[in-house]
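Laboratory data are not the source of any read-out in this text; all were calculated from the coordinates shown. The structure displayed is predicted, hence computed values, not measured ones. A quick note on method: Cβ atoms are made from the backbone with ideal geometry, for glycine too, and the neighbour counts reach across all protein chains shown.
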Amino acid sequence: MTNHRVQFEIAGHAAMFMRPDTGSTPISYPAPTYSAAKGMFDAVLRLRSVYIKPLKVEICNPVRYERYVTNYHGPLRKPGTNNYQLIATILVDVCYRVYGEVVVKRSTRGSGRNATRERSHLEEHGKAFVDKFYARLNNFQNFYVPCLGWKEFVPSYFGPIREKDAQGRPIQPDATIDETIPSMLYSMWENRELQSVFVQNVRIERGVLCYSKGGHDHAQ
């Protein structure tokens, strides 16, 4: 089957892709996690018979961190207190290009004529999904508002890949970004069960991070 690919661009004033090892004063990864990227794809289009496997992300703005303070009302606050002041280190002025592969789930197994029919079905279904994905993306239609990690960090732009930003500056991966992330959260789900999965020594090379788990990707 032909590999069908989809892609989008997302930009915003703030982003937070939290490193779990940073505890109650969280710090962001420099780029979206696999799960965060998948959630952005799903915001545009999702079907039971198809899933989108994030492949890579291009970091198109310099990585900048800033201190962020907000009131927290969740379960980590001390008993008897109304507010818990949460201090975080977030990303600011971000722009990413995210690429993914459309994978159609197989509905039948067989050989000969049945196998040929199945391949034809997968090909047609994949192409139809891509066409519908871009129709929705180009019209800025979403099932829910995509976010840059935390829900309050909504994008200033989410849509087709642009050559230039609103100020007329070219958009391309920042080739000065070369970094190794010792341990990066890959997904919160494994085999459809809630179980965090991490990948070690994730490389960002010339502004590009490729998603993989042990050298291969897997479906959620």
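Couple of notes before you dig in:
- Range of Cα positions in the chain per principal axis (Å), largest first: 65, 46, 33
- Placing unit charges on each Cβ (+1 for Lys and Arg, -1 for Asp and Glu) gives region 140-185 a dipole about its Cα centre, and among PRO170, SER183, PRO146 the Cα reaching farthest toward its positive end belongs to PRO146.
- Couplings for region 77-85, taken from phi via the Karplus curve 6.51 cos²θ - 1.76 cosθ + 1.60 with θ = phi - 60°, read 6, 5, x, x, 9, 7, 10, 10, 7 Hz in order; Gly and Pro are left as x.
- ILE52, ILE204 arranged by Cβ crowding within 10 Å, fewest neighbours leading: ILE204, ILE52
- Whichever lysines have a C-alpha closer than 29 Å to that of LYS105, once near sequence neighbours (fewer than 8 apart) are set aside: LYS38, LYS53, LYS56, LYS127, LYS132, LYS213
- Free-standing Cys, the chain [no other Cys Cβ under 4.7 Å]: CYS147, CYS210
- Of GLY12, GLY168, GLY149, the residue with the greatest mean-square motion in the GNM of the chain, using alpha carbon springs below 10 Å, is GLY168.
- Nearest 10 degrees, 0 to 90: helix 34-44 Cα axis against the chain principal axis: 70 degrees
- Inter-label distance, nm, simple model (7 Å from Cα along the C-beta direction), ILE87/GLU101: 4.4 nm
- Residue-averaged 222 nm ellipticity for the chain, from DSSP H runs of 4+ at -39500 (n - 2.57), nearest 500: -5500 deg cm²/dmol
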